[in-house]
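Notes to accompany the following structure.
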Amino acid sequence: VMAIDDAIARLRLIYRQDKRAFTTAAAILSHLGFKSAARSGQSGRVIAALKQYGLLDENKGQFRVSDLGFRILHLPDDSPERAALVKEAALSPAIFTKILAYYGGDLPSDEALRSHLVLNEEFNPDSVEQFIRVLRRTVAIANPSPEDYTVGDESEGAESPPLEIGRAHV
């Protein structure tokens with residue numbers, strides 16, 4: 001629902017209001033400018049995205065800025081450590097690492113990616129375009145290396161795309 005830089009910007013708004021205290025989803029949504037405190041639709045997806053990136057911790061229905069989020073917010077923007085933490089957060093959503101592993105980090109055209117996501121990953125055709133924009137922007141920011149998405153449980157289930165077999169030229 002949002003690229004990593006948008007997620008960090010929203011996390012900064014939450015931190016300004018509540019620091020690292022646990023608070024309700026309604027309070028977080030208010031900090032982010034949502035008019036309704038109901039955690040549905042877009043507002044629910046924002047909180048879910050922040051959790052998937054590892055920027056929010058949840059405990060008994062309450063949320064707070066995670067250790068990872070806190071460090072990202074407080075390290076200098078040009079810090080190598082911050083860049084590594086942003087990359088870690090960016091690659092936290094399992095679907096991102098799965099897609100990167102599937103394509104070996106070299107994402108295909110939007111059309112090919114769209115087909116793969118709808119047909120193989122069961123994406124809703126109506127939301128796949130936004131996901132592709134978010135994925136591309138997040139990958140551009142994180143600039144992952146193959147080691148970042150080929151290790152760990154997330155990539156173990158990733159299958160490689162079928163190889164094109166052409167006629168041999170003799």
For this session: Project the alpha carbons of the range 56-148 onto their principal axes and report the range along each, largest first, in whole Å.
Result: 39, 34, 20
Exercise. Which lysines, on any chain, are close to LYS60 with Cα under 25 Å apart, when same-chain ones fewer than 8 places away are left out?
Worked result: LYS19, LYS35, LYS51
For this session: Please calculate the 1.4 Å probe accessible area of ARG16, with all protein chains present, and give it to the nearest 10 Å².
Result: 150
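For the chain, with all protein chains present and a 1.4 Å probe, just round the carbon and sulfur fraction of the accessible area to a whole percent. Write out the running numbers ahead of the final one.
Details: 4860 of 9860 Å².
Looking at the chain in its full context, I get 49 percent from C and S.
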Exercise. What nm value, rounded to one decimal, do you get for the distance between ALA9 and ALA112 when each label is placed 7 Å out toward the C-beta?
Worked result: 3.1
Problem set entry | Relative contact order for the chain, counting Cα pairs under 8 Å that sit 6 or more residues apart, in percent | 24
Exercise. With every protein chain present, what is the per residue accessible area of the chain (1.4 Å probe, Å²)?
Worked result: 58
Seminar exercise, completed: Out of LYS60, LYS98, LYS87, a Gaussian network model of the chain with alpha-carbon springs under 10 Å gives the largest mean-square fluctuation to LYS60
Problem set entry | the chain, helix-only ellipticity at 222 nm - DSSP H runs n ≥ 4, -39,500 (n - 2.57), divided by all residues, nearest 500 | -16500 deg cm²/dmol
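The values are calculated or read from the model by the stated rules, or taken from the named source; none is laboratory data. From a predicted model like this one, the values you see are computed outputs, not experimental measurements. Ideal geometry is used to build each Cβ from the backbone, glycine not excepted, and the neighbour counts take in all protein chains shown. These area figures cover heavy atoms from the full protein model, side chains too; ligands, DNA and RNA do not enter into them. Shrake-Rupley method; radii C 1.70, N 1.55, O 1.52, S 1.80 Å.
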